[in-house]
1. Quick one: in segment 102-130, which of the residues that are loosely packed, with under 14 Cβ neighbours inside 10 Å and without any contact (Cβ under 8 Å) to a residue 24 or more places away in the chain is nearest to Asp224 (Cα to Cα)?
2. Just to be sure before I move on: is Val184 over 19 Å from the mean Cα position of the chain (by Cα), at pLDDT 95 or above and more than 22 Å from Met88 (Cα to Cα) in the structure I sent?
3. Does Thr207 satisfy being assigned to a loop (DSSP other than H, G, I, E, B), modelled with pLDDT under 90, touching a Pro at 6+ places or on another chain (Cβ under 6 Å) and among the β-branched types (Val, Ile, Thr)?
4. Search segment 152-204 for residues being outside any loop (DSSP other than H, G, I, E, B) and basic (Lys, Arg), and hand back the single one that is nearest to Val125 (Cα to Cα).
5. Which one is surrounded by the most Cβ atoms within 10 Å (Cβ to Cβ), of the residues in segment 1-29 that are in contact with a Phe, Trp or Tyr (Cβ under 6 Å, 6 or more places away or on another chain) and within 16 Å of Val76 (Cα to Cα)?
6. I'd like to check which helices (runs of 4 or more DSSP H) are fully inside segment 71-140 and have at least 1 residues that are within 26 Å of Val175 (Cα to Cα).
7. Of the numbered conditions (1) in contact with a strand residue (DSSP E or B) (Cβ under 6 Å, 6 or more places away or on another chain); (2) loosely packed, with under 14 Cβ neighbours inside 10 Å; (3) under 30 Å from Thr234 (Cβ atoms), Val163 satisfies every one except a single condition; which is it?
8. State which residue is surrounded by the fewest Cβ atoms within 10 Å (Cβ to Cβ) when the search covers only segment 222-251 and only residues that are free of Cβ contacts under 8 Å to residues at least 24 places away in the same chain and in a loop (DSSP other than H, G, I, E, B).
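The values are calculated or read from the model by the stated rules, or taken from the named source; none is laboratory data. Values in this document were obtained by computation on a predicted structure and should not be read as measured data. Cβ placement follows ideal geometry from the backbone for every residue including glycine, while neighbour counts extend to all protein chains displayed.
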Amino acid sequence: MKVLNQEIGKNWAIYQGDCVEVTKGIPDNSIHYSLFSPPFSELYTYSNSERDMGNSRDDEEFMEHFKFLIKELYRVTISGRLVSFHCMDLPLMKSKDGVIGLKDFPAELRQAFEDEGFIYHSKTVIWKDPVVEMQRTKALGLLHKQIKKDAAMCRQGLPDYLVTMRKPGDNPERVTNTNETFPVDLWQKYASPVWMDINQSNTLQKTSAREEKDEKHICPLQLDVIERAIFLWTNEGDIVFSPFTGIGSEIY
């Protein structure tokens, strides 16, 4: 495995390196579940490295780069098992895009996974408070004064999404439960297409976002979502993979 550094503990391991090269070192059909929040296209550059997927000129270049990872995710995922990614619609800005609107980034990601052979499995809406979004972003479409000026430019707040893809084939290790481990009332809650009860502040944070460049990028993967997805789609002892560790929310 091509890594710059690594830390291995009881039931966990973290590898520092290019995510595509590190994933290439993982054996075929060995990952039970993958969960991550990918870079949001070219919105924010983490470094000046050409290996940085966020260091892209435009959406097309980002997708060309990201598809190398999707190919490896397909290879390492066990047949019949799942890959989930956390994402959201991205704003189109007058200064950059020439118009004010939205880009369906989740659909672009889903299509890229389908092109590699994955099956579209599910999509969960993660409710977010539009008032908080308005206060953070000052988006024109959320301002109350815009209702009075021209409501045609008003819009709803932007939720997060958990999009899940499935690798074709029979699952050799079924994810099983009992009435005690997964009671029906809990299943009804998890089966909801909209998760209303995710605590948006329950995230790992090295520092809080304060600058404009942070506000337009940060869409932290809530710990509630990670815990719920792993509980729902894995057995105890399964191997769960995150190619974008960031500050380590998934492994935490």
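1. Asp104
2. Yes, satisfied.
3. no
4. Lys189
5. Of everything passing the filter in segment 1-29, Val20 is surrounded by the most Cβ atoms within 10 Å (Cβ to Cβ).
6. Once the helices (runs of 4 or more DSSP H) in segment 71-140 are filtered for at least 1 residues that are within 26 Å of Val175 (Cα to Cα), what remains is 105-116.
7. Here Val163 clears every test but (2).
8. Among them, the one singled out is Glu236.
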